[in-house]
Amino acid sequence: MNNSRSHICLMITILGLASMACNLSQAGAPTPTVLSEEDIRATVAAELASAGAEGQPPTATEPAPEQTATPTETPTITPSPTDTTPYVTVSQDTNCRTGPGVVYDFVYALLVGVQAEVVATSSVANYLIIEIPNGSSDTCWLWMQYGVLTGSTEGLPQATPPPTPTPAGPTPEFSLSYHSSLNCSGNTRVVVRLTNTGDVKIESRQVSTIDLDTSISASSQSNAFGASAVCLPLAKLALDPGGDSGYIWGDFTPPVGGHTVRLTVEACAGDGLAEPCSTEQLEYTFPAISDINAKEGFAAVNSQAILDQLRQLQVTRWAYRDSERQGSHIGPMAQDFNRLFGVGEYDDTIQSVDADGVALAAIKGLLELNDQQASRLAELEAENQALSERLARLETRTAVPDGLAWVLSAFALLISAAAIATNRQR
């Protein structure tokens, strides 16, 4: 045991002296081998193993690792977390209120191009609660009809509407009636007469429009009304109670022939859509343009081919997903219709002018088939009449007159009697 320790101490001393000699080497002298810490440990382990062979239990050791160049560690780049904060922008300037609906006070207007953070969801469909992006940390309820959401609202609290505020005064009452359609600056403008039928002066209005065939929507508001039904009408600042009227309008991107549009009008008793307000709607269907001078590229239509294509067209019962349009409908899908008949300006719309044209072509095709069948029926009836007359004539030629039939009968009786008499004589 003492010999083993002596050997180990001697080895460590020798190694220490060798290391000191390295520092004392002169220029030009051979460079001594520098032992690493691993080499020293391996040497000590070998000594211990040797001592174990002399009666001491050997110590388990790891083999000395090979000397390899230590690779340069590549720094790990930790990606920055993705911002999942939900934000909303709008495609049309949209009012933001103290609650979900026009009965709540107006507090902010989110303009196109402005981004607002979403801080809560709503128990009322189509609304989100946003932080007003003016540094005040105030919030308001945003109508998402024109909203575009980015990010996830998962995990946000859900807000319930506050109590409905008591109106500041009587609610405006008014009626809408279609007046005319105009071509204004390349748009098709629907002009509507708004008549104040209540007891409250109407001082501002908002008009939201949607083309129900293309889903293109727009919105505008003003503290004035048109004094005349022209593209640039004179301004009328308010509509007095008791039947005073003015003009409002909605612009639509042509072509709109055959399209149905909806105007939602909010009229308020104060400027800037200040409460109280009330809302009315009006729908109008544009007539399809049919002037020959507005058309070109005429080509004949094969009515029978239209009938064959109609046999391939699937017609189903369905309902719109858009909550604005309730009820069940029957009809084909725009994609199938436009593909079969090679028509349509929009992939997702059946224009009424095309639907009417297909229906009229199909009716003409059925009329052609009816004419062909009527002509063939007349031919068959004539042939049948001719055959009946010929049969009658044949029956007339082979028929025996009644008088001759009596004579022949009597003659046959006489012959029979003579034959009987002859047999008796025999």
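The values are calculated or read from the model by the stated rules, or taken from the named source; none is laboratory data. Just so it is clear, the model here is predicted, and its values are computed rather than measured. Using ideal geometry, Cβ is built from the backbone for each residue, glycine included, and neighbour counts are taken over all protein chains shown.
Mind checking which pairs have a first residue in the range 238-261 that is charged (D, E, K, R) and a second that is not in a strand (DSSP E or B), Cβ under 8 Å, 6 or more apart or different chains? Close Cβ pairs (under 8 Å, with a partner that is not in a strand (DSSP E or B)) amount to Asp240/Lys201.
Among the residues making up the range 104-132, those that are surrounded by fewer than 19 Cβ atoms within 10 Å (Cβ to Cβ) and in a loop (DSSP other than H, G, I, E, B) are Asp105, Leu111, Val112, Gly113, Val114, Gln115, Ser123, Val124, Ala125, Asn126, Ile132.
Residues in the range 82-98 that are over 22 Å from the mean Cα position of the chain (by Cα) and more than 23 Å from Ser217 (Cα to Cα) were compared, and the one that is surrounded by the most Cβ atoms within 10 Å (Cβ to Cβ) is Thr98.
Within the range 179-230, the residues that satisfy the criterion of being in contact with a Leu (Cβ under 7 Å, 6 or more places away or on another chain) and of a type in the set (Ser, Thr, Tyr) are Ser204, Thr209, Ser228.
If we scan the range 139-152, do we find a residue that is exposed (fewer than 13 other Cβ atoms within 10 Å of the Cβ), in contact (Cβ under 8 Å) with a residue 60 or more places away in the chain, closer than 24 Å to Gln281 by Cα and hydrophobic (A, V, I, L, M, F, W, C)? There is no residue in the range 139-152 that is exposed (fewer than 13 other Cβ atoms within 10 Å of the Cβ), in contact (Cβ under 8 Å) with a residue 60 or more places away in the chain, closer than 24 Å to Gln281 by Cα and hydrophobic (A, V, I, L, M, F, W, C). Going by the conditions given, is Leu182 surrounded by 17 or more Cβ atoms within 10 Å (Cβ to Cβ), closer than 27 Å to Gly250 by Cβ and either outside the structural domain of Gly226 (by TED's automatic domain parsing) or of a type in the set (A, V, I, L, M, F, W, C) (or both)? No.
Filtered by the rule that a residue be assigned to a loop (DSSP other than H, G, I, E, B) and more than 15 Å from the chain's Cα centre (by Cα), the range 202-228 gives Glu203, Asn223, Ala224, Ala227, Ser228. Suppose the filter is modelled with pLDDT of 85 or more, of a type in the set (Asp, Glu) and loosely packed, with under 10 Cβ neighbours inside 10 Å; does Glu266 pass it? When the stated conditions are applied, Glu266 does not pass them. Just one of the numbered conditions (1) closer than 24 Å to Glu275 by Cβ; (2) among the acidic types (Asp, Glu); (3) touching a strand residue (DSSP E or B) at 6+ places or on another chain (Cβ under 6 Å) is not true of Glu117: (1). Say we look at the range 306-361 and pick out the residues that are polar (S, T, N, Q) and surrounded by 12 or more Cβ atoms within 10 Å (Cβ to Cβ); which of these is farthest from Glu280 (Cα to Cα)? Once the filter is applied, the top-ranked residue is Gln309.
The single residue among Gly257, Gly272, Gly246 that is within 30 Å of Ser222 (Cβ to Cβ), over 32 Å from the mean Cα position of the chain (by Cα) and surrounded by fewer than 17 Cβ atoms within 10 Å (Cβ to Cβ) turns out to be Gly272.
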